[in-house]
């Protein structure tokens, strides 16, 4: 048995008075998160233990906010995770600054929220409020497939405060246990693998030759940054509120874009009979890939997570592989040279003359990397294949055309 987790987004029907309570609760919750971080930053040695942070900050936060105990603990836990992330980067010789929470959201568990069939009860700075779910008709949607499915158990939720008009969404965590049909990642025997390369200009490229352009995503991001900059220069309280509202809208738009892209990648894997999808390792991707900003690294991780859980539903595994030299190695003859990559978009092998889009070449190499890493066949990989547009290729270079 394996544990399957899903996140379902549900809009809430909240009246004006309850919306005001939730807005204030979000404000105090973020203050509590930042207070815990600021307290930890008083010391050269940053405490990451929840117990130590609790002892140092719990009483102060309870005195200076109207948050109930469970939300104070939730804020502390969220701050502790952020602090641990920074410390881990320092230990790996990476740069990281003091975390600061601005996204208007609250993490609820089953003590601070009670989930019913048609509504949810949420803890606020003044008791609890009840909000009905706004659900689509039953059909082919996540709300029906997971949230209305009694086989899935709710684990908690994150409330997203979208704007000052009172629009709230719950990102509800669900889990269930299912029989495992996904192949073991450590054994590539009998697999067909789909390789996926990630980038800025092309957010995703597969070994089957499918491209998902990242220009639109980057353009929209730049537009948000431009508007934010103008509002920051204005400096008014109204401008500050607008910036906070924009953060929620931008996140929802990007996540929708990534959801659609991930769905298409999984469809590509299903179409080509793949049972494994290979991505490059995402850890420290900003250090390896020129031009990658914090936003892109976040988007890549989100896309990977979305592909992983959508693929799981199709009994397709998803993993990450070492990306070393995948951009400079010829996927046709195996020659690895710096000169093979004359530009960001072009790959030209200096030995065999193979010319192709650089991202497509990297996607094939990423797929090959998984096949080589798990290869156990005594016949040298005859049963392990990389999915291409027109067929499959095994690790020895044996090509099999797609069936009609």
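In table form, for the structure just shown:
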quantity	calculated
Wholly enclosed strands (runs of 3 or more DSSP E) of the range 34-142 bearing at least 3 residues exposed (fewer than 15 other Cβ atoms within 10 Å of the Cβ)	127-134
Tally, over the range 204-216, of residues that are touching a strand residue (DSSP E or B) at 6+ places or on another chain (Cβ under 6 Å), touching a residue at least 60 places away in the same chain (Cβ under 8 Å) and surrounded by fewer than 23 Cβ atoms within 10 Å (Cβ to Cβ)	1
Qualifying residue in the range 263-277 (condition: under 20 Å from residue 95 (Cα atoms) and in contact with a strand residue (DSSP E or B) (Cβ under 9 Å, 6 or more places away or on another chain))	no
Close pairs from the range 253-268: first touching a residue at least 60 places away in the same chain (Cβ under 8 Å), partner part of a helix (DSSP H, G or I) and crowded, with 19+ Cβ neighbours inside 10 Å, Cβ under 7 Å, at least 6 apart	265/307
Residues satisfying the stated conditions in the range 299-334, i.e. free of Cβ contacts under 8 Å to residues at least 40 places away in the same chain, surrounded by 15 or more Cβ atoms within 10 Å (Cβ to Cβ) and assigned to a loop (DSSP other than H, G, I, E, B)	327, 328, 330, 331, 332
Residue count, the range 335-356 (criterion: in a loop (DSSP other than H, G, I, E, B) and within 32 Å of the chain's Cα centre (by Cα))	5
Tabulated pairs, the range 107-124, first assigned by TED's automatic domain parsing to the domain that holds residue 155, second part of a loop (DSSP other than H, G, I, E, B) and surrounded by 14 or more Cβ atoms within 10 Å (Cβ to Cβ), C-beta under 7 angstrom, 6+ apart or interchain	112/68; 123/68; 123/112
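Results for (1) farther than 27 Å from residue 284 by Cβ; (2) in contact with a helix residue (DSSP H, G or I) (Cβ under 7 Å, 6 or more places away or on another chain); (3) at pLDDT below 90; (4) assigned to a strand (DSSP E or B), shown as yes or no for each residue.
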| residue | (1), (2), (3), (4) |
| --- | --- |
| 149 | yes, no, yes, no |
| 154 | yes, no, no, yes |
| 162 | yes, yes, yes, yes |
| 181 | yes, no, yes, no |
| 200 | no, yes, yes, no |
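The values are calculated or read from the model by the stated rules, or taken from the named source; none is laboratory data. Quick caveat, the model's predicted, so the values are computed rather than measured. Note that we place each Cβ from the backbone using ideal geometry, even for glycine, and neighbour counts take in every protein chain shown.
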